[in-house]
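Here the structure is laid out as structure tokens; the discussion comes afterwards.
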Amino acid sequence: MFKTLSTLIAGVNARSEDRVRDAFAIELIDQKIREAEAGIKAAKATLASLIQRQRSEERQKQNLDTRIKDMTKRAEQAIENGRDDMATEAAHAIAQMENELVIRRETLTRLDQKTVRLRASIEAGHRRIIDLKQGAIQAKAVRNEQAIQSRLNTTIGRTSNVEEAEELIARVMGRDDPFEQSEILREIDRDLGHETLADRMADQGFGPATRTTADDVLARLKKKSK
């Protein structure tokens, strides 16, 4: 029983964590980018320190090369002049400097390898951060689009709202025109009172016209102009 409860609690916690990560995805992306940039910044500082040490070792190596060459010439001159004691002392100094030169060269080799690896890592990290920033821009655009769509769904996506709006439109469009209705009522009243009977009979040629027509007005105007 306890194991089952533990499993259920773990599942609930996992789902809660997923919901939190989804809700704050943009903020988490920005935070991860800042952390990555901080790591790149620290790596650059380390690379600068390695390059500085590398240059220092290179100067020490060149200085040793110069001193060995100089001491070798002096030892040769001492041998030529029969000063074996001075030549022997110079030989000891040359041996020490050559041993130190070996160590310097090995150190330079290791520094070169570290510098190359770290520089490659920094370049790869820099490219990944650029990709992350571009991805963050796209993610923010998608999130904004989702928020807008969610608001639209809230306002017009509800079935009740849509159906209510459609019903109101149908009621407005289905109503009778009050002006047309009043005109029809007047016509009915005239027919009931036989007001239009004389007009209809005049139109059929029975008796004089009771209404003035456009033809009557035009004939009158022509007659006046003669």
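The values are calculated or read from the model by the stated rules, or taken from the named source; none is laboratory data. Computed from a predicted structure; not experimentally measured. Cβ atoms come from the backbone with ideal geometry, glycine included; neighbour counts cover every protein chain shown. Surface accessibility is based on the protein's heavy atoms, side chains included, excluding ligands, DNA and RNA. Shrake-Rupley method; radii C 1.70, N 1.55, O 1.52, S 1.80 Å.
Can you tell me the length gained on complete extension of the stretch residue 51 to residue 129, counting 0.36 nm per residue apart and subtracting the Cα distance?
Working: separation 78, 0.36 × 78 = 28.08 nm, distance 2.36 nm.
Fully extending the segment from residue 51 to residue 129 adds 25.7 nm.
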Report task. Among the trypsin sites (Lys or Arg not before Pro) in the range 36-124, which ones are in a DSSP loop with at most 10 other Cβ atoms within 10 Å of the Cβ? Mind listing them? Result -> none
Query - Projected label distance in nm at residue 148 and residue 109, using a 7 Å step from Cα toward the beta-carbon - result: 6.2
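Set the Förster distance to 41 Å, then compute FRET efficiency between residue 91 and residue 29 from the Cβ-Cβ distance, nearest 0.05.
Working: r = 67 Å, r/R0 = 1.62.
That gives a FRET efficiency of 0.05.
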Report summary line: Measure of exposure for residue 86: accessible area at 1.4 Å probe, Å² rounded to 10, is 90
Report summary line: Of the listed links 41/140; 61/114; 44/133; 69/114, those spanning more than 27 angstrom between alpha carbons are 69/114
